[in-house]
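For reference, the structure discussed in these notes is given below.
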Amino acid sequence: QNEIYGKGSLMGILPSVTTDPRLLEGQARKALGERSFNYVAGGAGEKATMDSNRLAFRQWKLLPRMLRSMDHQDVSVKLFGQKYNSPLLMAPVGVQGIFHEDKETGLAEVCEEVGVPYIMSTAATSTIEEVAAASNNGHRWYQLYWPHDDEITLSLLQRAKAAGFTVLVVTLDTWSLGWRPADLDKGYVPFIKGVGCQVGFSDPVFRKKFEDNHGCKIEEDIVGASQAWLNQIAAGGAHTWEELALLRKNWDGPIVLKGIQHVEDANKALEYGCNGIVVSNHGGRQVDGAIGSLDVLPEIVDAVGEQMTVLFDSGVRTGVDIIKALALGAKAVLVGRPVIYGFGIGGRDGAKQVLKGLLADLWQSMGLAGIRTVADCDRTVIRRVQHGG
Ligand code: FNR
């Protein structure tokens with residue numbers, strides 16, 4: 001915050017990326033080509049769930065407190081026994097190479113610099129090993145799109161573990177792509193020509209199986225190999241709760257299930273030995289008409305919050321949004337689109353500005369609301385109101 005007010009616009013140097021979340025999208029629209037912009041900004045159906053995600057935040061209001069010492073303000077959190085500087089994590093976002101040539105390796109590097117854990121997607125345009133090398137000392141979590149072939153799954157887990165990724169985030173809501181009109185109308189799926197297939201193509205088990213089955217090298221049939229990889233991770237039948245045993249047996253670190261929106265599923269996550277969940281509707285990209293993610297957070301926290309780590313995403317745009325999700329019981333918050341907009345506009349620098357802006361906003365808003373630590377951020381600091389706005 002001091003840096004921004006001190007060295008930023010007040011010193012006559014206008015930031016290249018806006019700090020206004022509503023303007024950010026407009027800037028990104030200009031910077032990214034139409035297809036890439038639609039891919040990141042788009043949602044399922046008529047975007048009703050995307051709207052609900054934002055409306056859910058508007059129904060909660062902070063109750064600021066005065067004359068409280070902020071001398072030892074602290075936004076650090078502990079997740080799975082590890083201390084992190086802030087309650088903000090970079091959400092797993094696929095195909096980062098279509099937004100900027102700095103791709104995953106660049107964004108992971110920025111996250112390390114800013115002190116935000118980077119959750120790497122299975123649909124990345126960099127390999128697991130490249131991301132690890134680019135952000136050797138950063139906190140890195142690995143997001144799994146769960147392949148149908150167990151041998152490929154085990155190979156990915158083994159690679160992620162060997163590369164120093166600590167937490168496994170298993171995304172459950174994208175076993176098939178969502179109905180996204182903006183992409184469908186342009187016939188756009190990034191994966192078709194090998195984009196976002198780097199994790200698969202660099203996997204020795206996937207490679208061997210493809211070559212044995214097709215009698216040619218991946219490089220000789222990129223379109224076929226892309227389809228084969230997509231079939232593994234996001235086109236076909238869903239896994240079942242019982243199958244989680246395979247992941248539990250082969251990953252000794254924390255396992256977090258991403259895409260939970262129902263109390264019963266949160267209970268099941270606990271029952272099947274998971275350590276955490278992300279209450280998320282994938283930023284409204286999967287099931288349109290689904291409930292706003294923040295609307296289900298309190299009941300899920302009430303059900304399992306004492307026994308497992310509940311994280312949150314979908315619709316977070318400001319520091320105050322982060323406070324609201326924490327107040328409703330999330331232990332930390334993932335943010336997706338805003339960082340990708342900054343990244344699309346200015347690569348590493350743009351992403352850094354959005355991340356630092358969010359952290360500064362969080363720090364300042366918490367202080368002004370009289371909330372000293374994340375632990376103090378509980379349900380006493382907010383109230384639900386009937387009107388939105
Ligand atoms: C995503 N998301 C996502 N999630 C995941 O588990 N694996 C992935 O590869 C992707 N890819 C992806 C691409 C793009 C372009 C977007 C916008 C999102 C979902 C992401 O992790 C997160 O749940 C949402 O982005 C959160 O909502 P907000 O912050 O974008 O509103």
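The values are calculated or read from the model by the stated rules, or taken from the named source; none is laboratory data. Worth saying up front: this structure is predicted, and the values here are computed from it rather than measured. Neighbour counts run over all protein chains shown; Cβ positions are idealised from the backbone, glycine included.
Scan (1) in contact with a Gly (Cβ under 8 Å, 6 or more places away or on another chain); (2) exposed (fewer than 15 other Cβ atoms within 10 Å of the Cβ) for the single condition residue 181 breaks and write down its number.
Exception for residue 181: condition (2).
Given (1) within 11 Å of the ligand (Cβ to nearest atom); (2) among the hydrophobic types (A, V, I, L, M, F, W, C); (3) outside any loop (DSSP other than H, G, I, E, B), identify the lone condition not met by residue 316.
Only one criterion in (1) within 11 Å of the ligand (Cβ to nearest atom); (2) among the hydrophobic types (A, V, I, L, M, F, W, C); (3) outside any loop (DSSP other than H, G, I, E, B) is unmet by residue 316, namely (3).
Which one of 266, 325 is in a helix (DSSP H, G or I) and under 24 Å from residue 120 (Cβ atoms)?
Testing whether each residue is in a helix (DSSP H, G or I) and under 24 Å from residue 120 (Cβ atoms) leaves just 325.
Report, ordered by the first and then the second residue, all pairs with beta carbons closer than 8 Å, sequence separation of six or more or different chains, a first member in the stretch 82-93 that is farther than 15 Å from residue 321 by Cα and aromatic (Phe, Trp, Tyr), and a second member that is more than 9 Å from the ligand (Cβ to nearest atom) and at pLDDT 95 or above.
Pairs found: 84/76; 84/77; 84/78; 84/115; 84/117; 84/139; 84/332.
Please go through the stretch 101-125 and pick out each residue that is touching a strand residue (DSSP E or B) at 6+ places or on another chain (Cβ under 8 Å), surrounded by 22 or more Cβ atoms within 10 Å (Cβ to Cβ) and assigned to a loop (DSSP other than H, G, I, E, B).
Correct list: 116, 117, 121, 122.
Going by what's in this entry, would residue 237 be described as over 26 Å from residue 89 (Cα atoms), more than 15 Å from the ligand (Cβ to nearest atom) and not in a helix (DSSP H, G or I)?
Values: over 26 Å from residue 89 (Cα atoms): yes; more than 15 Å from the ligand (Cβ to nearest atom): yes; not in a helix (DSSP H, G or I): yes.
Yes: the conditions hold for residue 237.
Report those helices (runs of 4 or more DSSP H) wholly inside the stretch 1-98 carrying at least 2 residues which are modelled with pLDDT of 95 or more and either in contact with a helix residue (DSSP H, G or I) (Cβ under 8 Å, 6 or more places away or on another chain) or buried (at least 21 other Cβ atoms within 10 Å of the Cβ) (or both).
Helices (runs of 4 or more DSSP H) meeting the threshold: 21-31, 34-41, 48-58.
Look through the stretch 127-147, keep the residues that are under 14 Å from residue 90 (Cβ atoms) and in contact (Cβ under 8 Å) with a residue 40 or more places away in the chain, and return whichever of them is nearest to the ligand (Cβ to nearest atom).
143
Output the residues belonging to the stretch 328-372 that are under 20 Å from residue 293 (Cα atoms) and basic (Lys, Arg).
331, 337
From the list 236, 215, which residue is exposed (fewer than 15 other Cβ atoms within 10 Å of the Cβ), at pLDDT 95 or above and on the phi > 0 side of the Ramachandran plot?
None of the other options fit; the residue is 215.
Considering only the stretch 275-293, how many residues are surrounded by fewer than 24 Cβ atoms within 10 Å (Cβ to Cβ) and either free of Cβ contacts under 8 Å to residues at least 40 places away in the same chain or of a type in the set (Phe, Trp, Tyr) (or both)?
Final tally of qualifying residues: 0.
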